[in-house]
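Colleague: The structure's right below; bear with me while I get my questions together.
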Amino acid sequence: MGAEALRKISQAPLQTHERFLLGECVRAYLPMGPEHRAEYDKLLATETFIGVKAMNKTIYEEGIEEGMERELLDFAVNVLEDRFGPMPAKILADLKSRSRQELRSMITNSFRITSLDALDFDGLK
């Protein structure tokens with residue numbers, strides 16, 4: 001019943017935040033013990049409920065992923081500025097385009113190098 005309610009909410013002509021709020025209400029009042037959770041998750045993974053999974057991903061997981069990426073970017077900038085001083089705008093723009101793995105690698109490598117040239121920024125070429 002809960003999965004069906006979420007499916008209908010995911011297909012309703014609502015704005016993203018409205019879907020989120022209604023979905024949160026359904027999940028909050030859905031009486032489900034641990035024994036039913038696995039079955040519920042399996043049901044949501046089926047083709048019928050694909051929109052529910054996408055709705056949950058869009059609202060919750062993407063928000064967390066975006067926040068984590070922003071934190072990693074901020075951390076990379078802080079580490080680089082601590083080592084090499086203020087970053088030029090071109091390098092900041094280049095950092096924003098980097099993947100998580102590239103940012104992590106850059107942070108790690110920044111402790112072994114003596115100049116920004118070694119990090120291969122597009123903004124320095």
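Colleague: Report, by residue number, each residue of the stretch 18-32 that is in contact (Cβ under 8 Å) with a residue 12 or more places away in the chain and of a type outside the set (G, A, S).
Modeller: Those that are in contact (Cβ under 8 Å) with a residue 12 or more places away in the chain and of a type outside the set (G, A, S): R19, F20, L22, V26, R27, L30, M32.
Colleague: Checking the condition farther than 27 Å from G2 by Cβ, surrounded by 13 or more Cβ atoms within 10 Å (Cβ to Cβ), at pLDDT 80 or above and out of contact with any strand residue (DSSP E or B) (no Cβ under 7 Å at 6 or more places or on another chain), which residue from S110, S115, S99 passes? Write out each step before concluding.
Modeller: Values: S115 fails: surrounded by 13 or more Cβ atoms within 10 Å (Cβ to Cβ); S99 fails: surrounded by 13 or more Cβ atoms within 10 Å (Cβ to Cβ).
The unique qualifying residue is S110.
Colleague: Within the stretch 103-116, is even one residue farther than 24 Å from M68 by Cβ, assigned by TED's automatic domain parsing to the domain that holds E69 and in a helix (DSSP H, G or I)?
Modeller: yes
Colleague: L92 versus (1) outside the structural domain of D120 (by TED's automatic domain parsing); (2) part of a helix (DSSP H, G or I); (3) not basic (K, R): which is the lone unmet condition?
Modeller: (1)
Colleague: While we're here: In this structure, does A38 turn out to be surrounded by fewer than 13 Cβ atoms within 10 Å (Cβ to Cβ) and of a type in the set (A, V, I, L, M)? If you could, list the steps in order and put the result at the bottom.
Modeller: Values: surrounded by fewer than 13 Cβ atoms within 10 Å (Cβ to Cβ): yes; of a type in the set (A, V, I, L, M): yes.
Answer is yes for this residue.
The values are calculated or read from the model by the stated rules, or taken from the named source; none is laboratory data. Fair warning: this is a prediction, and the values are worked out from it, not measured in the lab. Here the Cβ is made from the backbone with ideal geometry for all residues, glycine too, and neighbour counts use every protein chain on show.
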